[in-house]
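To start, the structure under review is shown below, and the notes come after it.
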Amino acid sequence: MSTGAPTRRAPRPAGRGVLVPLVTVVLAVLAVWRASVGADLSDGTHVVALAMRMAQGDAVLADEMNVQAFGSLPAVPFVWLWLQLVGVEGIVLASRLFYLVLAFGVGALCYRALRVALPPGAALTAAVLMLGPVPYGLLVTSYNTMPVLTLGLAACAGFAALVTGSPRWSATSGAALAVAVLSHPASLPACAVMALTLLVLARRRPVRLGVLAGGGAVSLLIVLLLVVGPGLTALSDTLAYTAEYQAGRRPPLERLREATLRYLDGVRSWRFTPAAALAALAVLPRLPDGWRAAAAAGVPVAAAAAAWAVVPSTIVPGEPLGLHSGAFVLVVTPLLWLPVAVWAHRRRVREVRTLLALTTPLAVVGVVSFSMLSSAHVQWGVAAPPVQPLFGALGAAVVLGAARHGRPWAAGLAVVALVGSLVAVHPLRTFHNADPRQLVGRVAAGPLAGLLTDADLLEADCRLRALVPAWVGAGESVFFYARPGGYAYSTARMDTNIVWLSDFGEANAWTVDWWERTGRWPDVAVVHPGAVQRAGGWEALASQDPVVAALDEGYGPPREREGYLVLRRDGSDRQAPAVPPEGCPPGP
């Protein structure tokens, strides 16, 4: 495969001046609406709380002993500004909109990189398919979404470097890979493989030097900031703490085995038969290339139709695979790979062969490493980020095939089919929220203001909006046990060694040690009742959890308020205001 010389741009389909801006505007409008769908008090709000904590001045590792917090770093300046100007009102929706701005910015850069060799429709399709899907369906800056953006950018910039020989593009790719590792350590094996692939494929020395310089410079900067900032001891303590509180989880190989079995069980379902049949049709040797492209374009459409056909009206255990956008990627990508690879090899399509050579190793290694390091169900699509660059490459190939071998309008139709299938699936699930048709209303005020969600979350939000202002006074600090989203309900200082703290057993001694070492004992502690019920009562939980034992000894007995157990360090009691929060029904 030759990758050293510039490649002549592929023929542009008719209507190219209208298609790209039109699709971009439609996607932007839909994305803003999509960002307002779904709310939760765990993963989606937790990452916003991480950014809020760092905006307050706490440091990753030294204060927040959680490497996942690095994924929220890009949002910190925006969150700080929002807190100064607005406060916590609407901060989750605002954070989601900030992520959209960030994603569209990266998308524009990816589009520009791909345009060195691809026509507009193919470049647009690739950028959208690479960056559009997100794990859990959560459009927010986090350790889950930053690999989506950085690995997508690394793939696009690497492709541009291989095609043009530009060291600037290769340096961009290397830098993006370094940021991906920082934002999510599970990216390390995939990023190492992609960097090695770039070095092997590059025929020009400046391209290889660019990869090393870009990745090396960013990595060196990260190490220097780590040494000068929290220090290596803080990193060592964080890793030891993480290993201790996760010791009870399944080992990596068992996670990989379980994810594989669940995936295979999901894709064997009858509902994917039409998509598999179209993929098989696209491989037939005597099929005209125009029909081959049409069959390939129909694969994601059939998979999206299957998702809509079986989507439950409520969230149920063991949901069908492919309802989340990330899981949709994991279903469609293997089906499209063989038809595209066969076509690109037979027709000697250098651009597609380069894209596949660059993104296939990333996908194979990445899906394994992400699956080994995540305990989440495969249905959430947590292993999709390293696969998404390949997903985008396959989409670009289908559009390119339609443009070269179909009628003048065929490429535009392929763009609509590929992008439209992703758009159709995207809103079906937002973490623990059903599709928008089943959601009953929008949160009226507070940090979740403007988000469309279900009745249970609306009630839970009302409880927190009644509880937090009543119990957490001005200038006081707060600690939440097993309710990380609670931190988003005030600007109170977060006195904890980790935002997401739950019933981690003896590992919670680290938290008590952090309180003693820093002197930052929280003024108010709020405990979610679920952990208490699992333990068999408050006394039982205190006997096995150092955090609860310390609260029980130093704060006195907890009081039940708004469904939570609340303790104040000064021992005082508080009552919820007589007037319910905005948009909430009167209490009993």
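The values are calculated or read from the model by the stated rules, or taken from the named source; none is laboratory data. Everything quoted here is computed from the prediction, not taken from an experiment. All Cβ positions, glycine included, derive from the backbone under ideal geometry; neighbour counts span all protein chains shown. Each accessible area value is taken on the protein alone, full model and side chains, heavy atoms only, with ligands, DNA and RNA left out. Shrake-Rupley method; radii C 1.70, N 1.55, O 1.52, S 1.80 Å.
Looking across the stretch 373-396, the residues that are more than 14 Å from C156 (Cα to Cα) and either assigned to a helix (DSSP H, G or I) or more than 23 Å from the chain's Cα centre (by Cα) (or both) come down to V378, Q379, W380. Please work out if S369 is at pLDDT 95 or above and within 27 Å of L198 (Cα to Cα). Against the criterion (at pLDDT 95 or above and within 27 Å of L198 (Cα to Cα)), S369 qualifies.
Looking only at the stretch 60-82, residues that are open to solvent by 40 Å² or more (accessible area, probe 1.4 Å) and within 15 Å of the chain's Cα centre (by Cα) come to 4 in all. From the residues in the stretch 464-482 that are assigned to a helix (DSSP H, G or I) and in contact with a strand residue (DSSP E or B) (Cβ under 9 Å, 6 or more places away or on another chain), which one is surrounded by the fewest Cβ atoms within 10 Å (Cβ to Cβ)? This residue is A470.
Going by what's in this entry, would V419 be described as at pLDDT 95 or above, within 23 Å of V134 (Cβ to Cβ) and surrounded by 21 or more Cβ atoms within 10 Å (Cβ to Cβ)? Judged against the criteria, V419 is a match. The residue of the stretch 247-267 that is nearest to G322 (Cα to Cα), among those that are of a type in the set (A, V, I, L, M) and within 21 Å of the chain's Cα centre (by Cα), is A259. For beta carbons closer than 6 Å, sequence separation of 6+ or different chains, a first residue in the stretch 265-281 that is under 13 Å from P300 (Cα atoms) and a second that is surrounded by fewer than 17 Cβ atoms within 10 Å (Cβ to Cβ), the qualifying pairs are R271/V310.
Quick check on P585: is it farther than 15 Å from V478 by Cα, open to solvent by less than 70 Å² (accessible area, probe 1.4 Å) and out of contact with any Leu (no Cβ under 9 Å at 6 or more places or on another chain)? Here the answer is no, as P585 does not meet what is asked. Does G485 satisfy being free of Cβ contacts under 8 Å to residues at least 60 places away in the same chain and either crowded, with 22+ Cβ neighbours inside 10 Å or part of a loop (DSSP other than H, G, I, E, B) (or both)? For G485, the condition - free of Cβ contacts under 8 Å to residues at least 60 places away in the same chain and either crowded, with 22+ Cβ neighbours inside 10 Å or part of a loop (DSSP other than H, G, I, E, B) (or both) - is not met. Taking every residue in the stretch 306-319 that is touching a residue at least 60 places away in the same chain (Cβ under 8 Å) and pairing it with any residue that is in a loop (DSSP other than H, G, I, E, B) and open to solvent by 60 Å² or more (accessible area, probe 1.4 Å), at least 6 positions away or on another chain, the pairs with Cβ-Cβ distances below 7 Å are I315/H432.
The residues listed here are T518, T491; of these, the one that is open to solvent by 30 Å² or more (accessible area, probe 1.4 Å), under 28 Å from F70 (Cβ atoms), at pLDDT 95 or above and out of contact with any helix residue (DSSP H, G or I) (no Cβ under 9 Å at 6 or more places or on another chain) is T518.
Screening W500 on (1) open to solvent by less than 10 Å² (accessible area, probe 1.4 Å); (2) farther than 30 Å from V364 by Cβ; (3) under 25 Å from the mean Cα position of the chain (by Cα) shows it passes everything except condition (1).
One line per residue, one yes/no per condition, for (1) out of contact with any helix residue (DSSP H, G or I) (no Cβ under 6 Å at 6 or more places or on another chain); (2) in a loop (DSSP other than H, G, I, E, B):
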residue	(1), (2)
V29	yes, no
H46	no, no
A62	no, yes
F78	no, no
G87	yes, yes
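Evaluate the following for Y143: is it hydroxyl-bearing (S, T, Y), open to solvent by 10 Å² or more (accessible area, probe 1.4 Å) and assigned to a loop (DSSP other than H, G, I, E, B)? Criteria met by Y143. Annotation for the stretch 551-565: at least one member residue is under 11 Å from L467 (Cα atoms), buried (at least 18 other Cβ atoms within 10 Å of the Cβ) and not charged (D, E, K, R). Out of the stretch 439-451, which residues are closer than 21 Å to W82 by Cα and open to solvent by less than 30 Å² (accessible area, probe 1.4 Å)? Of everything in the stretch 439-451, those that are closer than 21 Å to W82 by Cα and open to solvent by less than 30 Å² (accessible area, probe 1.4 Å) turn out to be V443, A445, G446, P447, L448, A449, G450, L451.
Condition (residue is closer than 18 Å to V365 by Cα and either without any contact (Cβ under 8 Å) to a residue 24 or more places away in the chain or touching a Lys or Arg at 6+ places or on another chain (Cβ under 6 Å) (or both)) applied to the stretch 202-218: is it met by at least one residue? The answer is no; no qualifying residue exists.
The criterion of at least 3 residues that are of a type in the set (G, A, S) and open to solvent by 20 Å² or more (accessible area, probe 1.4 Å) is met by the following helices (runs of 4 or more DSSP H) wholly inside the stretch 177-249: 205-228, 232-245.
In the list T150, T141, T164, T197, which residue meets the criterion of being closer than 26 Å to F431 by Cβ, β-branched (V, I, T) and in contact (Cβ under 8 Å) with a residue 60 or more places away in the chain?
T141
Of all residues in the stretch 155-175, those satisfying the criterion of being small (G, A, S), under 25 Å from the mean Cα position of the chain (by Cα) and open to solvent by 10 Å² or more (accessible area, probe 1.4 Å) are A171, A175.
Of all residues in the stretch 427-438, those satisfying the criterion of being open to solvent by 20 Å² or more (accessible area, probe 1.4 Å) and more than 16 Å from A31 (Cβ to Cβ) are H432, R437, Q438.
For D461, the criteria (1) in contact with a strand residue (DSSP E or B) (Cβ under 9 Å, 6 or more places away or on another chain); (2) among the charged types (D, E, K, R); (3) open to solvent by 10 Å² or more (accessible area, probe 1.4 Å) hold in every case but one, which is (3).
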